[in-house]
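J.: Okay, here's the structure, questions in a sec.
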Amino acid sequence: MAKSDVAKERFFNLPVIVLISLSFMLGMSEFIVVGILPDIAAGLKVSEVTVGNLVSLFAFVYAPVTPLGSALSARFPRFATHLTLVGVFLIGNVLCAFASNYGVLVVARILIALVSGTLVAIAMTYAPDVTTEQYRTKFIAWVFSGFSIASVVGVPVGTWVANTFGWRWAFHLVNVLTVVLIVLMVMVLPRNSRIVKIGFLPQFRLFFDRRIQLGVLSVVFGAAATYVFYTYLTPIMRDEVHVPEQYLSVGLVIFGAACLWSNLYGGKLADRGRGVEPLTHIRPIYCAHAVLMASLIVTHWVPVYGALLLVVLGMFMYLQNSASQVLYMDVASQSHPGSLNLAASLNSMSFNIGIALGSAVGGLVNTHLGLMWLGPAGAIFLLCAVVTTTLLRPFVARERDFYAKQHA
């Protein structure tokens, strides 16, 4: 057995760890602004709301650019493209660290958003080269979990660094770790490529596949449901659950740990079949999630219930991620083999559209109805996800026949 094959038999081999670490760095860079928002505002002499707009701006750039960048990246050697985009990511974070004014910070965050989604998509395409088929969904789950680990560990560490040494040092930390990661990428990642032979635009035929359309909508609705309330998680904990100010950071870490569990358990759910089937199994989970989300209104009168409910909602947050990624990759492999890079980007794209939609709706609900109505608003999005996953069910039998013939 070749040395590379022996390494693939172990799930946590060096290439896999490097790719998970890249997701961690992407997540830390994306989320760090939330943790050090007041420090940045004070340092650049702008309002906290102005700095907060960077979060929405990031999602609005990230969502549409990710599929375009992923489709374009498929036409170039994978490793060289991957390394180049990580270099752009590093430049963006260096600009953040040395930003002399808010305008420079905006340009830097846009630069990071332009490449982050494509970097996740390219990381997904390494699956057959760095691990075995039996670990495929585990690999997907752990790559996504890099973002959750960043929210649980990376952001609190970055916030401590900012509070101790100044907010610019939080970005310096990201930069140092990124340089280390680049060295490791050069040392351990495979150099082979699968350059697509079809044009740029033909790759987007993938979007005309009904299964892809329903999968994207499911993720958009699921993410929107969560971000209706997650955007206002701190105010909910403070004003509805009545968590003391000094314990809010502890509450956020507990919620982040629940989200990490959600990502990892989502990988196990994605093992239940191929193609669209794993996502159809999420339908009863969407139903339960909707009921729990609607019950968030009870928090106003029973804060103890609200505290427990927030942890449970964190455990539901990412259960769809690996199942939807399996749908995108398997459908592309079956029917659109030239669009694999594009397919790998769809979860990031869909989730960020959901973030933007959910945050916007959450803002309207909070302004006109109040925090207590965020849960019922999120439940409506989850009922829409129930509908889209129901519409996927007729495809399950057809795909089972397809995979049965493949293994015959």
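J.: Under 7 Å between Cβ atoms, at least 6 apart or on separate chains: pull out the pairs that start in segment 197-220 with a residue that is more than 14 Å from residue 337 (Cβ to Cβ) and end on any residue that is basic (Lys, Arg) and surrounded by fewer than 23 Cβ atoms within 10 Å (Cβ to Cβ).
T.: 200/75
J.: Across segment 206-236, what is the number of residues that are open to solvent by less than 10 Å² (accessible area, probe 1.4 Å) and not β-branched (Val, Ile, Thr)?
T.: Residues of segment 206-236 open to solvent by less than 10 Å² (accessible area, probe 1.4 Å): 206, 212, 214-215, 218-219, 222-226, 228-229, 233, 236.
Filter again for not β-branched (Val, Ile, Thr), leaving 206, 214-215, 218, 222-225, 229, 233.
Total meeting the criteria: 10.
J.: Additional query: Counting only residues that are among the acidic types (Asp, Glu) and touching a helix residue (DSSP H, G or I) at 6+ places or on another chain (Cβ under 6 Å), how many does segment 118-137 have? It would help to see each step written out before you state the result.
T.: To start, the set of residues in segment 118-137 that are among the acidic types (Asp, Glu) comprises 129, 133.
After this cut, where a residue has to be touching a helix residue (DSSP H, G or I) at 6+ places or on another chain (Cβ under 6 Å) as well, the list is none.
The total comes to 0.
J.: Quick check on my filter: what residues within segment 277-307 are modelled with pLDDT under 95, hydrophobic (A, V, I, L, M, F, W, C) and surrounded by fewer than 17 Cβ atoms within 10 Å (Cβ to Cβ)?
T.: Across segment 277-307, the qualifying residues are 298, 301, 302, 304.
J.: Run residue 402 past the list (1) open to solvent by less than 60 Å² (accessible area, probe 1.4 Å); (2) within 25 Å of residue 136 (Cβ to Cβ) and report the number of the one that doesn't hold.
T.: Tallying (1) open to solvent by less than 60 Å² (accessible area, probe 1.4 Å); (2) within 25 Å of residue 136 (Cβ to Cβ), residue 402 fails exactly one: (1).
J.: I need a count of the residues in segment 357-374 that are part of a loop (DSSP other than H, G, I, E, B) and touching a residue at least 12 places away in the same chain (Cβ under 8 Å).
T.: Here the count works out to 0.
J.: Can I ask one more? Tell me the residue from 130, 155, 143 that is open to solvent by less than 50 Å² (accessible area, probe 1.4 Å), at pLDDT below 85 and among the β-branched types (Val, Ile, Thr), please.
T.: Working: 130 fails: at pLDDT below 85; 143 fails: at pLDDT below 85.
Exactly one residue qualifies, and that residue is 155.
J.: Among the candidates 385, 404, 379, which residue alone is touching a Gly at 6+ places or on another chain (Cβ under 8 Å), part of a helix (DSSP H, G or I) and either modelled with pLDDT of 90 or more or over 30 Å from residue 307 (Cα atoms) (or both)? So that I can check it myself, show each step before the final result.
T.: Numbers: 404 fails: touching a Gly at 6+ places or on another chain (Cβ under 8 Å); 379 fails: touching a Gly at 6+ places or on another chain (Cβ under 8 Å).
When all the criteria are applied, what remains is 385.
J.: State which residue is nearest to residue 255 (Cα to Cα) when the search covers only segment 156-195 and only residues that are touching a residue at least 24 places away in the same chain (Cβ under 8 Å), hydroxyl-bearing (Ser, Thr, Tyr) and part of a helix (DSSP H, G or I).
T.: Here the residue is 159.
J.: If I filter segment 391-399 for residues that are among the charged types (D, E, K, R) and either farther than 21 Å from residue 213 by Cβ or open to solvent by 30 Å² or more (accessible area, probe 1.4 Å) (or both), do I get at least one hit?
T.: From segment 391-399, those among the charged types (D, E, K, R) are 393, 398-399; that's our starting set.
Okay, now just the ones that are also either farther than 21 Å from residue 213 by Cβ or open to solvent by 30 Å² or more (accessible area, probe 1.4 Å) (or both), so 393, 398.
Within segment 391-399 (the criterion being among the charged types (D, E, K, R) and either farther than 21 Å from residue 213 by Cβ or open to solvent by 30 Å² or more (accessible area, probe 1.4 Å) (or both)), the answer is yes, since at least one residue qualifies.
J.: Do we have any residue at all in segment 230-243 that's part of a loop (DSSP other than H, G, I, E, B) and within 19 Å of residue 279 (Cβ to Cβ)? Working first, answer last.
T.: Step one: filter segment 230-243 for residues part of a loop (DSSP other than H, G, I, E, B), giving 231-232, 241-243.
Now narrow it down to the ones that are within 19 Å of residue 279 (Cβ to Cβ): none.
Looking for residues that are part of a loop (DSSP other than H, G, I, E, B) and within 19 Å of residue 279 (Cβ to Cβ), one finds none in segment 230-243, hence no.
J.: Let me ask something else. Could you identify the single residue in 385, 288 that is under 24 Å from the mean Cα position of the chain (by Cα) and closer than 29 Å to residue 66 by Cα?
T.: Working: 288 fails: closer than 29 Å to residue 66 by Cα.
Checking each option against the conditions leaves just 385.
The values are calculated or read from the model by the stated rules, or taken from the named source; none is laboratory data. Please read these numbers as outputs of a predicted model, since none were measured by experiment. Counting neighbours? That spans all protein chains shown, and the Cβs are built from the backbone with ideal geometry, glycine included. Each accessible area value is taken on the protein alone, full model and side chains, heavy atoms only, with ligands, DNA and RNA left out. Shrake-Rupley method; radii C 1.70, N 1.55, O 1.52, S 1.80 Å.
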